[in-house]
Amino acid sequence: MTTPTNVSSQPAATEGGKVKAIFLVGFMGAGKTSVGCALATALGWRFVDLDARIVERTGQSVAEIFQQDGEASFRQMETDELRHLLVELKTVNTVVSLGGGAWMQAGNVTLLKKASLPVLFLDAPVEELWQRCLPEQATRPLLQNEAKFRGLYEARRATYQNGTLRVETQGRSVEAVARHIALLLGLAGTSVTP
Ligand code: S3P
């Protein structure tokens, strides 16, 4: 992995009060990737999934990284990748989805707060999150059984709420959640696509 570039303390992605990047956080199954994609399409912005960038950079799946290098290595990769990304955000309007544990790392929270970026917490009842994740059990190393899943969600929930705008996703389509976020941030009707 290459050395991360230093992140300036200047707001990276707001210019003249205009939001230029949006971060989506939340537990596994919250819809961060699908909503992020839909939101980016609606706004005509770039979409980045932080986990996908790690997979691309390392040539390993998230499950392989957990298995071969351990969770601590994966967490370091997340922070490195986030630092890289924050530098790019100065020039490209971007919607970013973070993996479910990224907002649990105090260093990552500090990076995003320094950059004055909006962070949205996508949420749903834990039973629904579990049902949404079941088909993808093989690709998510922390998805072992329902009791562990619920325990981890409960342990994390307060931290997700800290410094974020909470968005309920239950009973809403991906597109409806994306529209809701655009409205919340005053970006509805601002698509840059021709
Ligand atoms: C994790 C969530 C996953 C992935 C990794 C760890 C977590 O991302 O980053 O398996 O700690 O909750 P998704 O939330 O996109 O599944």
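Taken together, the values in this text are just the output of simple stated rules run on the coordinates, not laboratory data. Predicted, not measured: the structure shown is a model, and the values here were computed from it. When we count neighbours, we look across all protein chains shown, and the Cβ atoms used for this are built from the backbone with ideal geometry, even at glycine.
Give the residues of segment 128-151 that are touching a residue at least 24 places away in the same chain (Cβ under 8 Å) and either of a type in the set (K, R) or within 15 Å of W103 (Cα to Cα) (or both), sorted by residue number.
Those that are touching a residue at least 24 places away in the same chain (Cβ under 8 Å) and either of a type in the set (K, R) or within 15 Å of W103 (Cα to Cα) (or both): R132, R140, R150.
I want to confirm something. Restricting to segment 69-98 and keeping residues that are crowded, with 18+ Cβ neighbours inside 10 Å and of a type in the set (S, T, Y), which single residue is farthest from the ligand (Cβ to nearest atom)?
T94
Looking at this structure, is R75 assigned to a helix (DSSP H, G or I) and in contact (Cβ under 8 Å) with a residue 40 or more places away in the chain?
no
If you go through segment 27-52 one residue at a time, how many are among the basic types (K, R) and either within 9 Å of the ligand (Cβ to nearest atom) or under 19 Å from M104 (Cα atoms) (or both)?
Final tally of qualifying residues: 1.
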